[in-house]
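Single-structure report; data block below.
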Amino acid sequence: MKSLSEQELHQLAMNIVGKDLEARGFEFLGINSALKRNPQFVALKDKKLHFVIVRAVTYPKDPKKMDLPLMEKIKEHALKFNASTFYAGVGIANSLDLSKAVTLEEDYVVNYSGIQAY
């Protein structure tokens, strides 16, 4: 069984967050799914610009824990565009054994509680 790569986990997290943003009425202006390229989503809602950072987080790490230096850097950039900054951490784990890697062959569980304002 092949474990999902860092890029594949990131894509999975992007899909989860993208569907959530869409359901909340965000309109996408830009999407960047490359690793280490930020923000992942530039979106508009209620005529306001939003920058959303997405991170796939594997068990046992806490998906709600932000990379504060990165978030501060993104916030400084967002302010130049009068945009709000959000963090979306998506916990992903193997559902059969949390200590095992996530694979395509086995089910996984998601720990995502929505975007967090920064």
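The values are calculated or read from the model by the stated rules, or taken from the named source; none is laboratory data. In this text the structure is predicted, and so the values were computed from the model without any measurement. So basically every Cβ, Gly included, is an ideal-geometry build from the backbone, and we count neighbours across all protein chains shown.
With of a type outside the set (Asp, Glu) and in contact with a His (Cβ under 6 Å, 6 or more places away or on another chain) as the only criterion, which of Ala78, Ala117, Ala43 stands out?
On the way: Ala78 fails: in contact with a His (Cβ under 6 Å, 6 or more places away or on another chain); Ala117 fails: in contact with a His (Cβ under 6 Å, 6 or more places away or on another chain).
Just one listed residue meets the conditions, Ala43.
Looking only at the stretch 29-66, filter to residues that are more than 23 Å from Lys80 (Cβ to Cβ) and β-branched (Val, Ile, Thr); which one of those is nearest to the chain's Cα centre (by Cα)?
Looking at residues that are more than 23 Å from Lys80 (Cβ to Cβ) and β-branched (Val, Ile, Thr), I get Val57.
Of all residues being out of contact with any Gly (no Cβ under 8 Å at 6 or more places or on another chain) and acidic (Asp, Glu) in the stretch 11-45, which is farthest from Gly91 (Cα to Cα)? Just the residue, please.
Glu27
Check whether at least one residue in the stretch 48-67 is surrounded by fewer than 20 Cβ atoms within 10 Å (Cβ to Cβ) and without any contact (Cβ under 8 Å) to a residue 12 or more places away in the chain, and report yes or no. Write out each step before concluding.
We begin by selecting, within the stretch 48-67, every residue surrounded by fewer than 20 Cβ atoms within 10 Å (Cβ to Cβ); these are 48-49, 57-62, 64-67.
Narrowing further to those that are without any contact (Cβ under 8 Å) to a residue 12 or more places away in the chain: none.
There is no residue in the stretch 48-67 that is surrounded by fewer than 20 Cβ atoms within 10 Å (Cβ to Cβ) and without any contact (Cβ under 8 Å) to a residue 12 or more places away in the chain.
Restricting to the stretch 16-47, and then to whatever is of a type in the set (Phe, Trp, Tyr) and touching a Phe, Trp or Tyr at 6+ places or on another chain (Cβ under 7 Å), can you tell me which residue is surrounded by the most Cβ atoms within 10 Å (Cβ to Cβ)? Give the derivation first.
At the first step, the residues of the stretch 16-47 found to be of a type in the set (Phe, Trp, Tyr) are 26, 28, 41.
Cutting the leftovers down to touching a Phe, Trp or Tyr at 6+ places or on another chain (Cβ under 7 Å) gives us 28, 41.
Values: Phe28: 13, Phe41: 23.
The selected residue is Phe41.
Against the condition assigned to a loop (DSSP other than H, G, I, E, B) and of a type in the set (D, E, K, R), how does Glu105 come out, does it pass?
On the way: assigned to a loop (DSSP other than H, G, I, E, B): yes; of a type in the set (D, E, K, R): yes.
Spelling it out, Glu105 is indeed assigned to a loop (DSSP other than H, G, I, E, B) and of a type in the set (D, E, K, R).
Taking the residues in the stretch 90-118 that are modelled with pLDDT of 95 or more and touching a Lys or Arg at 6+ places or on another chain (Cβ under 8 Å) as candidates, determine which candidate is surrounded by the fewest Cβ atoms within 10 Å (Cβ to Cβ).
Only one residue fits best here, namely Ser113.
Of everything in the stretch 99-118, what is farther than 30 Å from Ala43 by Cβ and touching a residue at least 24 places away in the same chain (Cβ under 8 Å)? Give them in sequence order.
Those that are farther than 30 Å from Ala43 by Cβ and touching a residue at least 24 places away in the same chain (Cβ under 8 Å): Ser99, Ala101, Thr103, Glu105, Glu106.
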